[in-house]
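The values are calculated or read from the model by the stated rules, or taken from the named source; none is laboratory data. On a predicted model such as this, the values are computed, not experimentally measured, just so you know. For neighbour counting, all protein chains shown are included, and Cβ atoms are generated from backbone atoms with ideal geometry for every residue, glycine included. Accessible surface is based on the protein model in full, side chains and every heavy atom, while ligands, DNA and RNA are left aside. Shrake-Rupley method; radii C 1.70, N 1.55, O 1.52, S 1.80 Å.
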Amino acid sequence: MMMSLFFPILFVCVLCMNSCSGVQGRKWKGEGTTQNLESIVIGRCYDYIRIVNPAVGEKNCSQIWEAFKNAFINKDPCKILPKDYELFINLTFHTIPPNKSLFWENNQLLVNSFADRGRRYMSLGDTLFGFVADFLYWCGQADSPGLDYESCPTTVECENNAVESFWRMASITYAQHSSGVIHILLNGSADGGAYPQPGFFADYEIPNLQRDKISQIIIWVVDDIEGPDIDSCGINSVKTLETRLETLGYDVTCTDNNKSVMFLLCLDYPDDSKCALASSAPAAQRGPVSSDRGGSWNKLMFVSFAGFLFRFASVY
């Protein structure tokens with residue numbers, strides 16, 4: 001009887017031990033540090049200065065990695081401040097071309113495609129300091145030189161975590177050095193509104209825009225192709241944004257569903273009713289070739305054939 005109870009009890013104990021060890025290994029609720037982080041950061045750095053935007057000139061990618069790592073390594077992962085990344089920002093900084101800045105909320109993948117790696121616009125993710133860290137996760141451990149690959153704290157768990165503080169510093173820097181005509185691309189289908197508060201744009205970018213360097217701010221509110229129309233120019237949260245910017249003294253214009261952005265979205269939804277293209281061209285340009293064009297073509301073919309026969313006869 002005792003032996004029959006031994007193995008079930010042992011099995012339960014093993015399960016409990018594994019469960020407990022899993023909880024202890026995963027301290028935080030967020031993703032752990034991205035594997036091969038050092039190689040990715042250094043590799044992206046070289047990709048940027050050699051291929052993406054060589055106009056920024058030479059940068060020491062190894063020093064950039066060291067500055068990035070030292071901002072959070074050997075520190076409490078909940079006590080990382082934006083200023084800890086100052087050296088990294090200084091080493092990666094370059095000029096943001098006037099009229100190229102593109103701010104956004106709730107549509108990062110669309111912005112990446114639309115900006116086209118800085119060729120059309122230069123969003124934060126198209127700068128060197130944003131490019132090397134985009135879509136990555138990282139954190140260290142107090143009194144340890146290693147990275148935590150198991151888990152990292154979310155903003156809900158602690159506000160001053162390594163990733164949150166990094167993007168605050170990057171956003172502040174990006175806003176301070178944007179100039180000319182500024183563009184803002186917002187998601188009109190986003191839950192909670194196109195202009196979230198709190199948010200990076202509301203809390204870190206708008207306060208750091210330099211009024212004397214900006215001539216105009218253009219807002220684009222674009223709905224998801226299959227999404228609801230929650231927010232638009234002049235209403236709801238977009239109206240709040242327009243009022244805030246105008247109060248700060250900016251010249252603001254707003255457009256719903258900008259055509260250029262919609263064309264890009266429609267690549268993935270060519271059959272959707274929102275993507276139907278109405279042509280304003282005259283009917284004659286869309287119809288078959290006119291009889292006059294046909295006559296001219298026939299005459300051309302006849303002359304060409306006659307010339308061929310003449311040359312053939314001359315040879316023989």
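Give all pairs with beta carbons closer than 8 Å in which a residue from the stretch 248-263 that is acidic (Asp, Glu) meets a residue that is part of a strand (DSSP E or B) and open to solvent by 50 Å² or more (accessible area, probe 1.4 Å); count only pairs at least 6 apart in sequence or on separate chains.
Close Cβ pairs (under 8 Å, with a partner that is part of a strand (DSSP E or B) and open to solvent by 50 Å² or more (accessible area, probe 1.4 Å)) amount to Asp251/Ser215.
Residue-by-condition table, conditions (1) more than 22 Å from the chain's Cα centre (by Cα); (2) open to solvent by 20 Å² or more (accessible area, probe 1.4 Å); (3) among the β-branched types (Val, Ile, Thr):
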{"residue": "His183", "(1), (2), (3)": "no, no, no"}
{"residue": "Ala190", "(1), (2), (3)": "no, no, no"}
{"residue": "Asn208", "(1), (2), (3)": "no, yes, no"}
{"residue": "Ile217", "(1), (2), (3)": "no, no, yes"}
{"residue": "Val221", "(1), (2), (3)": "no, no, yes"}
{"residue": "Glu242", "(1), (2), (3)": "yes, yes, no"}
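Quick test for you: out of Ser178, Ser237, pick the one residue that is of a type outside the set (Val, Ile, Thr) and touching a Phe, Trp or Tyr at 6+ places or on another chain (Cβ under 6 Å).
So the residue among Ser178, Ser237 that is of a type outside the set (Val, Ile, Thr) and touching a Phe, Trp or Tyr at 6+ places or on another chain (Cβ under 6 Å) is Ser237.
Determine which member of the set Ile49, Ile42 is at pLDDT 95 or above, more than 18 Å from Asp148 (Cβ to Cβ), touching a Lys or Arg at 6+ places or on another chain (Cβ under 7 Å) and in a helix (DSSP H, G or I).
Within the list Ile49, Ile42, the selection yields Ile49.
Applying the selection to the stretch 165-207, what residues are of a type in the set (Phe, Trp, Tyr) and part of a helix (DSSP H, G or I)?
Passing the criteria: Phe166, Trp167, Tyr174, Phe200, Phe201, Tyr204.
Evaluate the following for Glu226: is it at pLDDT below 95 and either under 16 Å from Asn99 (Cβ atoms) or surrounded by fewer than 15 Cβ atoms within 10 Å (Cβ to Cβ) (or both)?
It is true that Glu226 is at pLDDT below 95 and either under 16 Å from Asn99 (Cβ atoms) or surrounded by fewer than 15 Cβ atoms within 10 Å (Cβ to Cβ) (or both).
What number of residues within the stretch 40-84 are touching a Cys at 6+ places or on another chain (Cβ under 8 Å) and among the aromatic types (Phe, Trp, Tyr)?
Residues meeting the conditions: 3.
Please specify each residue of the stretch 233-267 satisfying the condition of being acidic (Asp, Glu) and under 25 Å from Gly192 (Cα atoms).
Listed by number, the residues that qualify are Glu242, Glu246, Asp256.
If the requirement is being of a type in the set (S, T, N, Q), within 26 Å of Ser237 (Cα to Cα) and open to solvent by less than 30 Å² (accessible area, probe 1.4 Å), which of these qualifies: Ser165, Ser151?
None of the other options fit; the residue is Ser165.
Filter the stretch 250-274 for residues that are in a helix (DSSP H, G or I), open to solvent by 40 Å² or more (accessible area, probe 1.4 Å) and of a type outside the set (Phe, Trp, Tyr) and give the result.
If the condition is that a residue be in a helix (DSSP H, G or I), open to solvent by 40 Å² or more (accessible area, probe 1.4 Å) and of a type outside the set (Phe, Trp, Tyr), then Lys259, Ser260, Leu264, Ser273, Lys274 are the ones that fit.
For Cys233, which of the numbered conditions (1) open to solvent by less than 60 Å² (accessible area, probe 1.4 Å); (2) in a helix (DSSP H, G or I); (3) closer than 18 Å to Ser189 by Cβ fails to hold?
(2)
For every residue, the table says whether it meets (1) out of contact with any Asp or Glu (no Cβ under 6 Å at 6 or more places or on another chain); (2) touching a residue at least 60 places away in the same chain (Cβ under 8 Å); (3) closer than 27 Å to Asn53 by Cα; (4) among the acidic types (Asp, Glu).
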residue: Gly130; (1), (2), (3), (4): yes, no, yes, no
residue: Cys139; (1), (2), (3), (4): no, yes, no, no
residue: Pro145; (1), (2), (3), (4): yes, yes, no, no
residue: Glu150; (1), (2), (3), (4): yes, yes, no, yes
residue: Val156; (1), (2), (3), (4): yes, yes, no, no
residue: Arg168; (1), (2), (3), (4): yes, yes, yes, no
residue: Ile172; (1), (2), (3), (4): yes, yes, yes, no
residue: Gln176; (1), (2), (3), (4): yes, no, yes, no
